[in-house]
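Here the structure comes first, spelled out in structure tokens, and everything after it is commentary.
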Ligand SMILES: [Fe+2]
Ligand SMILES: [Fe+2]
């Protein structure tokens, strides 16, 4: 089967594009929640918290789960990349834990604070993937970035 991302550059660009879209969305949603909390609009804050939780469940967590297959798997099994992937998996667990906390929070200050933390942690995490993991996979003779990304439906869907 032909990969939809045949070159390393295109594969890296596809992941980076997907990350940019996720970051754009999490910043917009967390900003809307913070704005509602700051202005004391409890009804809107409650709705915005619900919007952010839904987005995390429908977009963010599926992205994390998808990466733990083909993208992380090859590097995880190597001596040089194993610890890096362990660290990235811990980031994923932290994000899932923060989404759980957000789900249980009311729509007030605590929810807004959690939303900002989720946005910051995701930005830090995607930066590590783009600056550490992708170059590592691209430089490892036994691994194929184009293949790993080509099987990532989450990224292929953009
Ligand atoms: Fe990730
Ligand atoms: Fe990612």
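Only one entry in 95, 60, 84, 88 is within 11 Å of ligand 1 (Cβ to nearest atom), within 19 Å of residue 11 (Cβ to Cβ), in contact with a helix residue (DSSP H, G or I) (Cβ under 9 Å, 6 or more places away or on another chain) and assigned to a helix (DSSP H, G or I), namely 88. Listed by first and then second residue, the pairs linking a residue in region 38-59 that is surrounded by fewer than 14 Cβ atoms within 10 Å (Cβ to Cβ) to a residue that is modelled with pLDDT under 95, with Cβ atoms under 7 Å apart and 6 or more places separating them unless they lie on different chains, are 42/107.
Among the conditions (1) touching a residue at least 12 places away in the same chain (Cβ under 8 Å); (2) under 30 Å from residue 41 (Cα atoms); (3) within 16 Å of ligand 2 (Cβ to nearest atom), residue 136 misses just one, which is (2). Looking at 8, 26, just one residue is touching a residue at least 24 places away in the same chain (Cβ under 8 Å), touching a helix residue (DSSP H, G or I) at 6+ places or on another chain (Cβ under 8 Å) and farther than 16 Å from residue 127 by Cα, and that residue is 8. Within region 63-118, take every residue that is under 18 Å from residue 138 (Cα atoms) and more than 16 Å from ligand 2 (Cβ to nearest atom) and give me the one that is surrounded by the most Cβ atoms within 10 Å (Cβ to Cβ). My answer is 78.
Of all residue pairs spaced 6 or more apart or on separate chains, those with beta-carbon atoms under 7 Å, a first member in region 99-113 that is assigned to a loop (DSSP other than H, G, I, E, B) and a second member that is modelled with pLDDT of 95 or more are 105/111; 105/114; 107/42; 107/45; 107/46; 107/49; 108/37; 108/45. Consider residue 149 carefully, then state whether it is modelled with pLDDT under 95, over 30 Å from residue 36 (Cβ atoms) and buried (at least 20 other Cβ atoms within 10 Å of the Cβ). For residue 149, the condition - modelled with pLDDT under 95, over 30 Å from residue 36 (Cβ atoms) and buried (at least 20 other Cβ atoms within 10 Å of the Cβ) - is met.
If you go through region 119-133 and keep only what is without any contact (Cβ under 8 Å) to a residue 40 or more places away in the chain, within 13 Å of the chain's Cα centre (by Cα) and either closer than 20 Å to residue 37 by Cα or loosely packed, with under 15 Cβ neighbours inside 10 Å (or both), you end up with 120, 124, 127.
The values are calculated or read from the model by the stated rules, or taken from the named source; none is laboratory data. The structure displayed is predicted, hence computed values, not measured ones. As a convention, Cβ positions derive from the backbone with ideal geometry for all residues, glycine included, and neighbour counts pool all protein chains shown.
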